[in-house]
Amino acid sequence: MDQAEVEELAIQLRGDLLASGIPGVTRVVEGPAPDGTRSVELIAGGIGFLVTGLSAAASVAQIADYIQRWREAHPRRRRVVVSVEAGAAPRAAGVSGTAGRRSALLVANAAYQDPGLSRLRSPVSDIRALAEVLGEPGIGAFDVETLTDAGESVLRRRVAALFADREPDDVLLLHFSCHGLKDQRGRLYLAAADTELGSLAATGLPASFVSEQMSESASRSVLLVLDCCYSGAFARDTPVRADRTVYLGEEFRGGGSGRTVLTASSATEYAFEGGRLTSYEAQPSVFTEALVHGLRTGGADLDHDGEITVDELFDYVARRVREAGVGQVPRKWSFETTGALVVARSVRPATLPEEIRADLGSDRPVLRLEAVRALADLLAGGREGYRRAAREALVRLRDHDDSRQVRTAAAAALGDVAAQSPAVPPPAIDPPLVETSVIETPAVETSVVETPAAVEAPAIEAPPPPRGVWVPVMTRWRVLVVGAVGLVVAIAVTIGIVSGQSRTTDSGSSGGPAFGELLTSVTLSHGGSIESAVLSPDGRWAVTLDAPKDQAAARVARLWDASTGLKVATFDTDRGVIFSPDGSAVAVAHYEGKREVTTVDGEPMGVLMGGTTTVTLRNTSGGEVMASFTGHKGSAVMAFSPDGKIVATAGTLASEKPFDSPIRLWNASTGTPLATLAGHENGIQSMRFSQDGNVLVTGAAGGVTKVWDVAAGKATATLDNAWFPVWISPDGKTIADTRPGDKDGFELRRVPDGKRLALVTKDGSFAGFTPDSKAYATESKGNVRLFDLATRKARAILTATTEGDPVFSPDGTLIAAVTKEVGPALFDGATGQGLTPLTGHGGTVTDLTFAADGQTLFAIGTDKTVRKWSVKR
């Protein structure tokens, strides 16, 4: 028996246990028994599991009965011995699997009796916001106590109470927002409402007292947060020490373990006016505001695992404070910490590991089965975010996957078989789908299941292993069940393969999917309706746009993992979004300023007045902002260079009076500016790069189009009465612009000088160049035609009425379009002949994109499903 066989059999055992209705099965490595178990033998060379989450004594009999029936379903096993022993119940798990209490004390002192201490501007409101997010059961799950403008004696008692009578697994959080003061000997005090500058030792809360309470507490998970103004760290007329630093690391080092200290700043500045601190210095709000934002939005979940650790929270807050430009440098100290201290759950769904997402997106059922196994492991793990993400993905596979094997395996991992069949005959193995050789081993002994008299529960029939899933068999195993309520079961396994079923796929032996065959369908977990949706060029990501509440309102955009249907991020946008060519980033424009709705020709129209727009780049894997580009007048238009290295942005404000309206080029990786293309005197409405990225064509309000040499940063042509939208052929040699007003047609012009090649007035609107740049498409009343670029003679017409522009495959041999007759459909790129409809969408399809290899097509629409089709001919 090799290790691979051991692993396969162990995975199958876990799957069967989950299918029996056991809530969770966690992998245990060889070594000491986990906490809460007794006499657990982890056999060398075997695979161990820890089954958790049982809520009643009846589960003992349920597990024992199931193991017995599982053995009966595998008659070639030699021996199974099961013993059951009742013991103490472990405590319920909380955030990140911790069983202890979670308590927080938040102190906000804004008003002071001593006239030498100025009033702080915003700690009370900040603390309220922090208390709300920490107390939210789905985020911090803390029991929160707040103190506002409390005296020294009250502070001392409440701090002591926070740390008293604690258990090692309790999680404690203490937050101060107040003045920090130093005496002549350099000792730090936290200012209470009744603290007197001239009598710090008697009226201030010593940092040493807080440190002692932390050290003496039994808790090994303590977080101290100081959002203090140290501008007053020295009382007036007190000699200032040579250094200007509050040594917080030394103040709170102490002798305890498991402590982390976060501070807004440790620097001191001395600014007194008439014996009082200047009000400018008293602003300890940016830091706490960043804390609240990171927790409330989930932005501090930097590794996208669904949990926010203290290290992640600090990194997020430090970056936000740095971006705010307030001159603070947050600091962090950790003392004898072991493991990650989880501050909160993330409101954002966890992003599944890349290898699982790749398997989920595969068109091969065997790989999706591997994904089911990996998802089941996550479902049984101790990380709540991954458990939720795994459960959602498994539900989606169970309900929507086109493979029966995958659906069955997903249902088994979720325990659906047990839920649907509480009483079924003893499990039996169906004939294998593909016959394999069998190593016969005679059955020698029948196992006996013994349960103590104290545990009485009805036997629950165990379900059969899911049909079509690879089912290995065990020769010998030992089980020890510990605990009566809140049970913990440890299973140690020594495995030998006796027989099994081979993996099979649903694709048959036809050699691959047929042309136009649906490969996958993923439904986005969006609870409401959407107005439109777009896909990344690789079909890997999607953005949905909700309908705005009025014409001037921003739209809610949601970023999705299109392979799993799980949401990645939510943000606002005022001009849609665009994806980078490789799908790794998405550019978003959001306006800040006055918004109004007016009426033009009897129709409501949104007007953005006097504000500016910020363009942000977000990574698609987690939705975090990678770079921000500010200062765009009106809204903003954006374009990526085809290699994804450059982002071009420009303001869209249209005005009757000319003004400077530059196009700015940015490094897409670093966010640093590369060049400014000056010359336009009105807002930019349209722009596109050539395929090699060397040419950029831009169309502005007022009918001025410019052709730019990107490397030189100069315009090679300025074209008047050439209106937007504008296009450029992939080879960068031809551009198309629109005729003004309600005039039909378009112009074809030469690059780089903009010389007119043709004025086309009778063929409808321009609809795009073909990938080889040898032809172009036009659209008129839903009729799409292809014209030879050199001769401008029609060469094909699509045999359907379309809605929207056609989409070409990378080699131009196929055209995808949404038709009025059948919805999305495929056409021959040379003749326009209809090839096959792509049926199944329940709403309007709003985006189509071919994969880079031209073998598959992705579609998305208002039914919130992403469908992947085979288009290989």
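The values are calculated or read from the model by the stated rules, or taken from the named source; none is laboratory data. Predicted model only: the values in this text are computed from it and were never measured. Quick reminder, even Gly has a Cβ in these numbers, built from the backbone with ideal geometry, and neighbours come from all protein chains shown. These area figures cover heavy atoms from the full protein model, side chains too; ligands, DNA and RNA do not enter into them. Shrake-Rupley method; radii C 1.70, N 1.55, O 1.52, S 1.80 Å.
Brief remarks follow.
- Candidate set from region 652-676 (those that are touching a Pro at 6+ places or on another chain (Cβ under 7 Å) and not hydroxyl-bearing (Ser, Thr, Tyr)); member that is most open to solvent (accessible area, probe 1.4 Å): 664
- Residue list for region 758-788, restricted to those being open to solvent by less than 50 Å² (accessible area, probe 1.4 Å), at pLDDT 95 or above and assigned to a loop (DSSP other than H, G, I, E, B): 770, 771, 773
- Subset of region 115-139 [open to solvent by less than 70 Å² (accessible area, probe 1.4 Å), under 23 Å from residue 192 (Cα atoms), modelled with pLDDT of 80 or more and not aliphatic (A, V, I, L, M)]: 116
For (1) touching a residue at least 60 places away in the same chain (Cβ under 8 Å); (2) among the basic types (Lys, Arg); (3) under 16 Å from residue 608 (Cβ atoms), each residue gets a yes or a no:
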position	(1), (2), (3)
644	yes, no, no
651	no, no, yes
654	no, no, yes
677	no, no, no
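Conditions (1) closer than 27 Å to residue 337 by Cα; (2) modelled with pLDDT of 85 or more; (3) touching a helix residue (DSSP H, G or I) at 6+ places or on another chain (Cβ under 7 Å); (4) aliphatic (A, V, I, L, M), marked per residue:
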{"site": "191", "(1), (2), (3), (4)": "no, yes, no, yes"}
{"site": "204", "(1), (2), (3), (4)": "no, yes, yes, no"}
{"site": "215", "(1), (2), (3), (4)": "yes, yes, no, no"}
{"site": "241", "(1), (2), (3), (4)": "no, no, no, no"}
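- Subset of region 718-757 that is free of Cβ contacts under 8 Å to residues at least 40 places away in the same chain, open to solvent by less than 10 Å² (accessible area, probe 1.4 Å) and of a type in the set (A, V, I, L, M) - its residue that is nearest to residue 689 (Cα to Cα): 735
- Of all residues in region 368-388, at least one satisfies being touching a strand residue (DSSP E or B) at 6+ places or on another chain (Cβ under 6 Å), of a type in the set (A, V, I, L, M) and modelled with pLDDT of 85 or more.
- Those strands (runs of 3 or more DSSP E) lying entirely in region 593-651 with at least 3 residues of a type in the set (Gly, Ala, Ser) and open to solvent by less than 40 Å² (accessible area, probe 1.4 Å): 646-651
- Given (1) in contact (Cβ under 8 Å) with a residue 12 or more places away in the chain; (2) open to solvent by 10 Å² or more (accessible area, probe 1.4 Å), number of the condition residue 712 does not satisfy: (1)
- Test for residue 679: is it under 38 Å from the mean Cα position of the chain (by Cα), in a loop (DSSP other than H, G, I, E, B) and surrounded by fewer than 20 Cβ atoms within 10 Å (Cβ to Cβ): no
- Hey, residue 823 touching a Gly at 6+ places or on another chain (Cβ under 6 Å), within 26 Å of residue 775 (Cα to Cα) and either buried (at least 16 other Cβ atoms within 10 Å of the Cβ) or aromatic (Phe, Trp, Tyr) (or both) or not: no
- Within region 531-552, restricting attention to residues that are under 24 Å from residue 398 (Cβ atoms) and assigned to a loop (DSSP other than H, G, I, E, B), the residue that is most open to solvent (accessible area, probe 1.4 Å) is 540.
- Scoring residue 817 on the criteria (1) modelled with pLDDT of 95 or more; (2) assigned to a loop (DSSP other than H, G, I, E, B); (3) over 22 Å from residue 580 (Cα atoms) leaves a single failure, condition (2).
- Selection count where residues are crowded, with 18+ Cβ neighbours inside 10 Å and assigned to a strand (DSSP E or B), scope region 147-178: 8
- Selection within region 808-829 - touching a Ser or Thr at 6+ places or on another chain (Cβ under 7 Å) and within 21 Å of residue 691 (Cα to Cα): 808, 812, 829
- Taking the listed residues 565, 576, the one that is open to solvent by less than 40 Å² (accessible area, probe 1.4 Å), under 28 Å from residue 395 (Cα atoms) and touching a residue at least 40 places away in the same chain (Cβ under 8 Å) is 565, with no other qualifying.
- Of all the residues in region 376-402, those that are of a type in the set (A, V, I, L, M), more than 17 Å from the chain's Cα centre (by Cα), surrounded by 20 or more Cβ atoms within 10 Å (Cβ to Cβ) and part of a helix (DSSP H, G or I) number 4.
- Set 322, 331: member being at pLDDT 80 or above, open to solvent by 70 Å² or more (accessible area, probe 1.4 Å) and out of contact with any Ser or Thr (no Cβ under 8 Å at 6 or more places or on another chain): 322
- Criterion applied to 849, 856, 791 was being open to solvent by 50 Å² or more (accessible area, probe 1.4 Å) and either of a type in the set (S, T, N, Q) or over 24 Å from residue 576 (Cβ atoms) (or both), and the one residue passing it is 791.
- Near pairs, Cβ below 9 angstrom, 6+ apart or cross-chain, from region 686-704 (more than 13 Å from residue 642 (Cβ to Cβ)) to any residue that is assigned to a strand (DSSP E or B) and basic (Lys, Arg): 697/688; 697/706; 698/688; 698/706; 699/706; 700/706
- Residue 346 being open to solvent by less than 50 Å² (accessible area, probe 1.4 Å) and touching an Asp or Glu at 6+ places or on another chain (Cβ under 6 Å): yes
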